[in-house]
Each structure stands twice: as structure tokens, then as C-alpha cells.
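Just below is one structure, and these are the notes that go with it.
The values are calculated or read from the model by the stated rules, or taken from the named source; none is laboratory data. Quantities reported herein were computed from a predicted structural model and do not represent experimental measurements. With ideal geometry, Cβ positions are generated from the backbone for all residues, glycine too; neighbour counts draw on all protein chains shown.
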Amino acid sequence: MEYRDKNGLTEKEFLAQYDPGDYPRPSVTVDMMVLGPKKDYSGLKILLVKRGEHPFYNCWALPGGFVRPEESCYEAASRELKEETGLKHVFLEQVYTFSKPDRDPRTRVMSVAYMALSPVVPRVKGGDDALEAAWFDFEFTDNMLHIYNDDIGVSIIYQLSTKRFRNGNIKYGNLVPTLKTKTRLAFDHVEIIVESMIKLRREIEYTDLPFSMAKEEFTLPDLQAIYELLLGHKLYKANFRIMVADRIEDVGAKDKSVIGKRMSELYRLK
């Protein structure tokens with residue numbers, strides 16, 4: 001049975017005369033916050049690219065680009081990450097859609113943001129429309145975001161303050177960044193980083209996200225170090241082991257832990 005609308009049209013007839021130009025069509029991009037650990041698990045690294053095109057030419061930004069007509073956002077994120085940095089087969093988790101009308105000076109562009117956690121910090125190189133790609137040291141606290149690379153002399157600092165917002169009957173606090181250095185991140189990428197870190201820390205204790213930053217087989221001291229890096233604070237050993245006990249299994253072998261340099265039992269995610 002074919003249903004007709006108030007104008008007497010079937011769906012086939014409606015689609016045949018539909019003109020997409022009757023409505024504004026914003027462009028869609030993807031942007032990715034990629035984090036990895038330092039070799040000794042003493043801190044985090046974030047992947048940035050230097051833009052090779054206007055707007056924000058020569059400015060550091062998150063990897064990303066436009067979604068092609070034949071792609072899903074996830075497919076575009078995977079492709080852009082590979083094209084701009086050489087990274088592939090990286091875990092990607094969708095964070096949020098950023099849609100402020102003035103976030104891109106070219107035209108109305110909405111961005112679907114992803115976060116990616118890598119178990120290593122591999123060598124990267126700029127490609128496609130990126131002049132350069134590099135790993136930066138990354139510090140994120142309740143009141144500061146600091147991204148820096150001493151080798152290339154770049155330091156980007158944002159002060160974070162908590163402001164209250166209302167959503168229906170609910171009031172909630174959110175972190176608002178204020179630039180404190182001459183060098184800034186392109187577009188609204190600092191907001192993408194802040195929202196990604198809030199989501200990551202909110203979900204870390206009841207999801208398997210941290211295991212994306214661990215090796216396939218890991219020691220418990222090293223896994224705890226990864227959790228602590230992502231959370232930004234220390235965990236009690238006993239409490240941590242209770243938290244992950246039902247998610248891991250012993251592989252029946254030992255290896256030297258990065259933390260402490262001692263032989264420890266190896267585990268993997270179930």
C-alpha cells in the first residue's frame with residue numbers, strides 16, 4: 001500500500017521533485033584528538049598537525065578534514081588520520097558534534113569529533129594538506145591545558161575555568177578555555193580537546209577505553225599507570241585491581257613492567 005501525504009504525493013513522487021537546494025546545507029568535517037603515552041608512562045602526548053592552507057595557515061590543529069559524500073564520519077576520520085599523519089588502525093570513539101555557526105570562517109561547517117587512544121607514539125609525518133605532524137607533551141588539569149613541544153619551540157596554554165550552564169531543569173558545570181599564550185590552536189579545537197577529556201574521564205571507570213592505550217598483553221602496574229595518566233590522579237592499588245578484575249585474564253606468562261622494571265604477570269582484555 002502506498003501512502004500519500006497532504007499534497008497527494010507518494011514517497012517516490014515526493015523524492016522525484018525534492019530539491020536539496022531548498023534548504024541550507026552545512027559542510028561536515030571530522031576532527032580527532034589522538035593521545036598516546038610516553039615510553040616510560042610518565043606523561044601523555046597529543047598529535048597535532050600544522051595547517052598548510054587558509055584559514056589558520058601555519059597554525060597547529062587537530063588532524064581532520066571534510067567528509068566525502070560516499071563516506072560515513074568514521075570512515076572520513078580514519079582516512080584523514082592516515083592521510084595527514086600516516087596513522088592507521090587506531091581506535092576511534094565519537095565524542096560530540098560541534099556546530100557553532102561561526103566556528104569556521106569559510107562557511108557553516110559542523111564537525112563530528114573523535115578521540116583516539118594509541119598504545120605507542122609512533123613516528124608521524126605531515127601529508128595531504130598538513131605541512132607537518134608532530135607529537136606534543138600534553139597536560140590537562142581542572143584549571144589548565146598545556147600543550148608543548150620543546151624541540152620545535154611551541155607552547156600553547158589555556159586557562160580553564162568552570163562556568164554553570166542550564167539544560168532544561170538541570171544546571172551543570174563545564175570547563176571554558178581562555179588563551180594565555182600568543183600561539184593558539186586552530187578553529188575551536190581547544191573546545192574539542194576539553195570535551196573529549198571530560199567524556200574520557202567520565203567514562204573511564206566503566207568502559208574499556210583505557211585498554212586502547214595498553215599493549216595487547218600488559219602488566220597490572222603498567223595498566224594502572226595508563227589509568228592514572230588519563231584520569232590525572234593516582235589510584236589505590238587494591239581499588240584499581242578490583243575495578244578491572246572482571247575485564248582481564250591472566251595469559252600465564254611474565255614480562256618486565258615499564259613501571260618499576262620488575263617481572264610481573266601478564267594479562268589481556270577478555
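Looking across segment 110-120 at every residue that is over 10 Å from the mean Cα position of the chain (by Cα) and modelled with pLDDT of 95 or more, the one that is farthest from ASP222 (Cα to Cα) is identified as MET110.
Would a scan of segment 82-96 turn up a residue that is modelled with pLDDT of 95 or more and either part of a loop (DSSP other than H, G, I, E, B) or among the polar types (S, T, N, Q) (or both)? Within segment 82-96 (the criterion being modelled with pLDDT of 95 or more and either part of a loop (DSSP other than H, G, I, E, B) or among the polar types (S, T, N, Q) (or both)), the answer is yes, since at least one residue qualifies. For segment 100-208, the strands (runs of 3 or more DSSP E) that sit wholly inside it and include 3 or more residues that are under 20 Å from TYR41 (Cβ atoms) are 109-117, 130-140, 144-149. Is it the case that segment 38-59 has a residue that's over 30 Å from PHE218 (Cα atoms), surrounded by 21 or more Cβ atoms within 10 Å (Cβ to Cβ), out of contact with any Gly (no Cβ under 9 Å at 6 or more places or on another chain) and modelled with pLDDT of 95 or more? Scanning segment 38-59, I find no residue that is over 30 Å from PHE218 (Cα atoms), surrounded by 21 or more Cβ atoms within 10 Å (Cβ to Cβ), out of contact with any Gly (no Cβ under 9 Å at 6 or more places or on another chain) and modelled with pLDDT of 95 or more, so the answer is no.
Every listed requirement among (1) within 27 Å of ALA113 (Cβ to Cβ); (2) exposed (fewer than 12 other Cβ atoms within 10 Å of the Cβ); (3) touching a Phe, Trp or Tyr at 6+ places or on another chain (Cβ under 8 Å); (4) outside the structural domain of ASP102 (by TED's automatic domain parsing) is met by HIS233 save one, (3).
If you check GLU139, GLU195 for being within 15 Å of MET32 (Cβ to Cβ), surrounded by 13 or more Cβ atoms within 10 Å (Cβ to Cβ), modelled with pLDDT of 95 or more and acidic (Asp, Glu), only one passes: GLU195.
Taking the criterion of being under 12 Å from LEU223 (Cα atoms) and either among the aliphatic types (A, V, I, L, M) or assigned to a strand (DSSP E or B) (or both), the residues of segment 247-263 that qualify are ILE248, VAL258, ILE259. Just one of the numbered conditions (1) hydrophobic (A, V, I, L, M, F, W, C); (2) in contact (Cβ under 8 Å) with a residue 40 or more places away in the chain; (3) out of contact with any Pro (no Cβ under 8 Å at 6 or more places or on another chain) is not true of VAL34: (3).
Using the structure shown, decide if GLY252 is of a type in the set (Gly, Ala, Ser) and touching a helix residue (DSSP H, G or I) at 6+ places or on another chain (Cβ under 9 Å). Reasoning before the result, please.
Working: of a type in the set (Gly, Ala, Ser): yes; touching a helix residue (DSSP H, G or I) at 6+ places or on another chain (Cβ under 9 Å): no.
For GLY252, the condition - of a type in the set (Gly, Ala, Ser) and touching a helix residue (DSSP H, G or I) at 6+ places or on another chain (Cβ under 9 Å) - is not met.
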